[in-house]
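A short worksheet on the structure shown next.
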Amino acid sequence: MPQETLRNFMKGGGVSVIVGTVDADGIPTCCRGIAIASKDDFDTVTVYVPSATAQETVANVATTRRVAISCSHPLSHESVQIKGLTRGVRLAPAGDEPFVQASLDEFGAVLEQIGLPLRVTRSVAHWPAFAIDVSVEQVFDQTPGPKAGQAIA
Amino acid sequence: MKLSAISRCFQGVIPSIVASSDAQGMPNVTYVSQVYLVDEKHVALSCQFFNKTRRNLDANPNATVEVYDPVTFQAWKLRLRFLRSEKSGPLFDTMAMRIQAIASHTGMEGVFRLIGADVFEVVRLEKVEGFLTGSGTPEQDEVSVTGLRTELRGLQLVSERINRADDLETLLAAALDALDVYFGFKHTIVLLNDEASQRLVTIACRGYGGGVGAEVAMGEGLVGTVAREQRVLRITGLDEGLRYGRAVRRSVLSDSSSKPVRPEIPLPGLPDAQCALVIPLSVEDRLIGVLAAESRDPMAFGEWDEAYLGIIGNQIALGIDRVAQAEEPASAPSEPHPVPVAAPLKVARPRHTVTYYKDDDAVFVDNEYLIRNVPGRILWTLLGQWKRQGRTAFTNRELRLDRSLGLPEIKDNLESRLILLRHRLREKCPQVQITSTGRGKFALEIGAELDLVER
C-alpha cells in the first residue's frame, strides 16, 4: 500500500521535494531536493540534492542516517512524507544528470502555472548533485487537513 | 543581517519549509503556511492542526526554517529555538485573521483554524549560499523618496476629494478614482454594512465592469471576515492560501464521516486575484462598511499600501458618515412637501413587466432579478405612485416618513440604498432611471411602458 501510494504520487512528475535531516546533537535542518526516483518499486528511493546547498544534509545522514523526505504537488498541496534510513550517499554520476534536469524542468513548469517564472526555477542550483539512497521505512499522508500525519499502512 | 531585511520572505508568497526532530532523533520536514516576522529576534509559525511538528517541538525545541524571497527566489535559513505557543493576544489575532479568512472563503471555517501562534527565538539567520546559480532575478528597487512624495501628495488629493464631496455617490467615485490614479489600486470595491440584514452590499466598485449590488454575509469570505473582526487583512500569495484551503477541503470531503460543508464563496471581484487588501471602514466602533483592493500581482500590496489604504479608509468612513448625517432630518419630520406631478409621456416605447415578490421584497424585470430588500420596496413604492398618480418627483423625506419601507429609525442609510438602486437600474433596466434633482430630491425617469405585477 505505501508503495502503491508512492507509485501513484510520483506519476506525471512536477513534484516538489524537500529533505529533512538531524545532526548528532538533535539539531534538525532541511534542504530542497531536485529529484526523486526508485528502481525497486519504492522499497528504497534515491533523492538528489544539489551539492552546492546540501553539505549539511550529507554530513547529517552520514552520522545519524535518518531522513525525512516530503513530496508534494504544488498545485493541489497533496503531500506524502517518507521516513527512512540512509543506505548510501554518493556523488551522482553524470548519467543521472538528464533525469535530474528533467525533474527540475517538470517542477518549473508546474510552478510557472502558479506564477513563478521559468527563469527563476532554472536559476536554482541542481548539478552536481549528491544521490542519497534511502530505505522506505514509513510513509505518511501529509496533505493539509485533519488527516495529515496519518501513516499509510 | 536583520530579519527585516528579508521581510519579503515572510509574505507567504512562496511556502516555507520547517524541519523538526522528535526525541529519538527522527527528523520531520513539512511546509508551513505562515512564518510571521514578530521582531528582529523572533518569528512565529502558524499551527492549524496538532501535527507532528508541533509534537516534536515539545520534545526538542530546535527547528530550522527555510524561507524564500518571492522576487529573487534566494533561500534563507533561520535556526530557531521554540519558546512558547500563544493561544490568544495580539499576535495570535493577527495570524488568525488570515487563516480565518481563507478558511471561511473555502467553506472550511471551524475545520481549519489557528490553534496556536508558535513563537521562536531566531538563533541565527543564514543566506543559503549557492542556492541560485548566476544572478537569478534582479533585486526589486526599494521605494524611492520621489515615490513616497508622490504618495503623500496623492494622500492629500484623495483627502481633498473626499472632503469636497457632498453626496455619497460623488464621494465614493472620487475616492476610488483617486486610489487608482495616485496609488495604482486598479481594482477596488466599497461595500456598506446593512445592519438589519447582517450583510455587506457593494455600493461602488472600480475596475470590474459592474458588480454593484453584490452581497457578502457578515463573517463570510475575506470581506465578511474583515467586517466581523473589524481588522485589516492583507493577503499576499492569495492563490497559494486558497490552494491550501482547498487541499484541506478535499481532505475533509474525502472522509465519508465528515459533516456536509458549505460551498466555497466566490471572491467578490477578480477571479484570479493573487493579492488582496481589505480594510474595515469604521467610525469609532461602528462598522460603516469595507474597502477591498485586489491585484493579479502577488506582490502588489506591501506594508506601505496597507498603511495608506488604512488612512484613506478612515477618511472614506468619516466621509460616508458625514454625508449620511447631512442627509438625515435634523428634527422630527413633518408632513411631506407637495411635490410636482408630471404628465406621463405619450410616445411609443419598449414594454417591460416589473414583478414584485412580497415574500422577499424582490423585484424582477422581465423575469430577471433586479433588486431586493429595502431598495426593492423603495422602487416598488415609487413605481406604484408613478403608475397611479403619474408622479415623477420625490423627496428623501417622504421616503423616510413611509413606514411601509421599513427604514430604520436612525442610520437608515437611505442615500446608499438609493445609490444601489440607481446602479442596478442603470445595469439591468436603463429605461427606468433615478436622477438627483438637488439635495434630498430626485426624479423618476421612465422611458418604457411598464406593467406592474405584485405576487
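Values quoted throughout were computed directly from the atomic coordinates according to the rules given, and no laboratory measurement underlies them. Since this is a predicted model, take the numbers as computed values, not measurements. A quick note on method: Cβ atoms are made from the backbone with ideal geometry, for glycine too, and the neighbour counts reach across all protein chains shown.
Some notes on this structure:
- Helix B:168-183 and the longest principal axis of the Cα set of chain B meet at an angle near 30°.
- Per residue of the protein assembly as shown, the DSSP helices (runs of n ≥ 4 H) give a summed -39500 (n - 2.57) that works out to -10000 deg cm²/dmol at 222 nm.
- When the Cα convex hull of region A:17-58 is projected onto planes of every orientation, the mean area is 3.3 nm².
- Dividing the Cα radius of gyration of the protein assembly as shown by 2.2 N^0.38 Å, with N the residue count, gives 1.17.
- For region A:63-147, the spread of Cα positions along each principal axis, largest first, Å: 42, 37, 18
- Subset of A:K147/B:K2; A:K147/B:K127; B:K87/B:K186; A:K11/A:K147; B:K52/B:K186; A:K39/B:K127 violating a 32 Å alpha-carbon distance limit: A:K147/B:K2; A:K147/B:K127; B:K87/B:K186; B:K52/B:K186; A:K39/B:K127
- Inter-chain Cβ neighbour average for residues A:112-119, partner chain, 10 Å: 4
- Value of Rg to Rh for region B:392-455, rounded to two decimals, is 0.98; Kirkwood radius and Rg both from alpha-carbon coordinates.
- Per-residue mean of foreign Cβ neighbours for B:2-14 is 1 (Cβ atoms of other chains, 10 Å radius).
- What separates the Cα centres of region A:37-62 and region B:46-121 is a distance of 28 Å.
- With one equal scatterer per alpha carbon and no solvent term, the Debye-computed log10 I(q)/I(0) for region A:1-84 at 0.14, 0.17 1/Å reads -0.47, -0.69.
- Bridging of A:K83 to aspartates and glutamates at a Cα separation below 14 Å is possible for A:D43, A:D133, A:E137, A:D141, B:D22, once same-chain residues fewer than 8 apart are set aside.
- For region B:338-455, the Cα gyration tensor yields ellipsoid semi-axes of 21, 18, 13 Å (square root of five times each eigenvalue, largest first, whole Å).
- Percentage, to the nearest whole number, of Cα pairs in region B:182-232 over 14 Å apart: 53 percent
- Rg/Rh (Cα only; Kirkwood hydrodynamic radius) as it applies to chain B: 1.06
- When both region B:353-370 and region B:220-237 are represented by their alpha-carbon centers, they are found 32 Å apart.
- Distances between placed amide hydrogens fall under 5 Å for B:G116 paired with B:C47, all partners being 5 or more residues away or on another chain.
- Cα shape, region B:154-262, gyration tensor, a/c 1.5 rule: prolate
- Three-way shape call for chain A based on the alpha-carbon gyration tensor, with the a/c threshold at 1.5: rounded
- Inter-chain Cβ neighbour average for residues A:62-75, partner chain, 10 Å: 3
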